[in-house]
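A short worksheet on the structure shown next.
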Amino acid sequence: MENPIEHLDLGFVNFTKHPTQPNYVVYRFTDKGRANSFREELEKESIDFEEDQEHKKQVSYTLFAIHKKNYKKSMKLNFKVEGMHKKPLIPFTILRWTVLLIGLGILILAIVSYCKQMDHLKEQTEQVK
């Protein structure tokens, strides 16, 4: 009996094994911009692929089937495309730098207080001896 969990798709990643061809990996994109960028990157790297469209639950997917021998290259391209289209976690530059500086300040304060506490403990130890 086939494992039903193996084909469970929660949508955390945009690639999966090909349902009928075990030597292929399928990448899927709902965003046309990402799909176009991925296609351009594949063509730039001369990676052979098959493209298809799929419609499920009011969502249109662009699918790319790529042979396993190009898996590492295609994953790098997939990450590159996601990075190009990714929005920053904190969209406002001033807020982003503020959070970074506050975090850095807390880290420096923690290091300084640790060093001072070690000096204090060393003095206490010497007094006991």
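Checking segment 28-39 against the condition returns a match, with at least one residue being surrounded by 12 or more Cβ atoms within 10 Å (Cβ to Cβ), at pLDDT below 90 and of a type in the set (Ser, Thr, Tyr). Of all residues in segment 25-47, those satisfying the criterion of being in a loop (DSSP other than H, G, I, E, B) and in contact with a strand residue (DSSP E or B) (Cβ under 7 Å, 6 or more places away or on another chain) are Thr30, Ile47.
Being in a helix (DSSP H, G or I) and either assigned by TED's automatic domain parsing to the domain that holds Asn23 or at negative phi (or both) is the requirement here; does Leu109 meet it? Yes.
Checking Phe64, Phe79 one by one, the residue that is aromatic (Phe, Trp, Tyr), touching a strand residue (DSSP E or B) at 6+ places or on another chain (Cβ under 9 Å) and under 30 Å from Phe15 (Cα atoms) is Phe64 and no other. State whether one or more residues within segment 79-96 are surrounded by 10 or more Cβ atoms within 10 Å (Cβ to Cβ), assigned to a helix (DSSP H, G or I), free of Cβ contacts under 8 Å to residues at least 40 places away in the same chain and touching an Asp or Glu at 6+ places or on another chain (Cβ under 9 Å). Yes, there is a match, as at least one residue in segment 79-96 is surrounded by 10 or more Cβ atoms within 10 Å (Cβ to Cβ), assigned to a helix (DSSP H, G or I), free of Cβ contacts under 8 Å to residues at least 40 places away in the same chain and touching an Asp or Glu at 6+ places or on another chain (Cβ under 9 Å).
The values are calculated or read from the model by the stated rules, or taken from the named source; none is laboratory data. Treat the numbers as computed from the prediction; the structure is a model and nothing was measured. Counting neighbours? That spans all protein chains shown, and the Cβs are built from the backbone with ideal geometry, glycine included.
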